[in-house]
1. Can you find a residue in the range 29-40 that is over 14 Å from the mean Cα position of the chain (by Cα) and assigned to a helix (DSSP H, G or I)?
2. Can you tell me which residue is farthest from Ser44 (Cα to Cα) among those in the range 90-105 that are open to solvent by 30 Å² or more (accessible area, probe 1.4 Å) and part of a strand (DSSP E or B)?
3. Which of the residues that make up the range 1-57 are open to solvent by 70 Å² or more (accessible area, probe 1.4 Å) and polar (S, T, N, Q)?
4. Is it true that some residue in the range 57-65 is in a helix (DSSP H, G or I) and of a type outside the set (Phe, Trp, Tyr)?
5. In the range 106-130, how many are part of a loop (DSSP other than H, G, I, E, B), touching a His at 6+ places or on another chain (Cβ under 9 Å) and closer than 22 Å to Thr3 by Cβ?
6. Give me the pairs, please: first residue somewhere in the range 77-92 and over 21 Å from Asp119 (Cα atoms), second residue anywhere and loosely packed, with under 12 Cβ neighbours inside 10 Å, beta-carbon distance under 6 Å, and either six or more positions apart or on two chains.
7. Write out, first by first residue and then by second, each pair whose Cβ atoms fall under 6 Å of each other, whose residues are 6+ apart or on separate chains, and whose first residue, in the range 49-65, is within 16 Å of Gly35 (Cβ to Cβ) while the second is assigned to a loop (DSSP other than H, G, I, E, B).
8. Being of a type in the set (Phe, Trp, Tyr) and free of Cβ contacts under 8 Å to residues at least 40 places away in the same chain, is that true of even one residue in the range 99-118?
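The values are calculated or read from the model by the stated rules, or taken from the named source; none is laboratory data. Note that the structure is predicted; figures quoted are calculated from it, not measured. Cβ: placed from backbone, ideal geometry, glycine included. Neighbour counts: every protein chain shown. Side chains included, ligands, DNA and RNA excluded: accessible areas come from the protein's heavy atoms. Shrake-Rupley method; radii C 1.70, N 1.55, O 1.52, S 1.80 Å.
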Amino acid sequence: MNTHLDDQGVVARRKSAEIIVDRANQLMRTGRYAGVLLTGDFNSEDNEDAYRTIQFANNSPFLDVATKFQVGEARRQGHQNTFTGFDWKPLKRIDYLFAAPKEKWSLEGYAVMETKYEDGIASSDHRPVMADLVLH
């Protein structure tokens, strides 16, 4: 699954997160899916409602894969923040990769890649989020 949540409305982001959690649970209940990956621009930092709904709601099957590795750990590469805004102020982490169900994934590595070239031009105002995952 991939999403791009509203960049203006807090309520819209929270409601969208609730719909995503419900949909992921529906998919997994069918028995046709061993796991679900959710990626995207959530326009929500980790202290905001949309992120907290996906990561911490009682009915959420998701795990933010970045939380498995500490900054500086060998299996975690690149940057912490994912949004640069082209002006590089303020940097934020609003792009995520979630995996569900939590207990079925081994997380081997995580990275937030660079988007700025040597000439100072950035290819995007968001950095790519990557993970090396194994579904069991």
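1. Residues of the range 29-40 that are over 14 Å from the mean Cα position of the chain (by Cα), as a first pass: 29-35.
Now drop any that are not assigned to a helix (DSSP H, G or I), which leaves 29.
The answer is yes; a qualifying residue exists.
2. Filtering the range 90-105 for residues open to solvent by 30 Å² or more (accessible area, probe 1.4 Å) gives 90-92, 102-105.
Still in the running and part of a strand (DSSP E or B): 92, 105.
Numbers: Lys92: 9, Trp105: 24 Å.
Filtering first and then ranking leaves Trp105.
3. Residues satisfying the conditions are Asn2, Gln8, Gln26, Thr30, Asn47.
4. Going residue by residue through the range 57-65, those that are in a helix (DSSP H, G or I) are 65.
Filter once more, keeping what is of a type outside the set (Phe, Trp, Tyr): 65.
Yes: one or more hits.
5. 3
6. Gln80/Val71
7. Ile54/Ser60; Ile54/Phe62; Pro61/Pro101
8. So in the range 99-118, the residues of a type in the set (Phe, Trp, Tyr) come out as 105, 110, 117.
Adding the requirement that they be free of Cβ contacts under 8 Å to residues at least 40 places away in the same chain leaves 117.
Yes, the conditions are met somewhere in the range 99-118.
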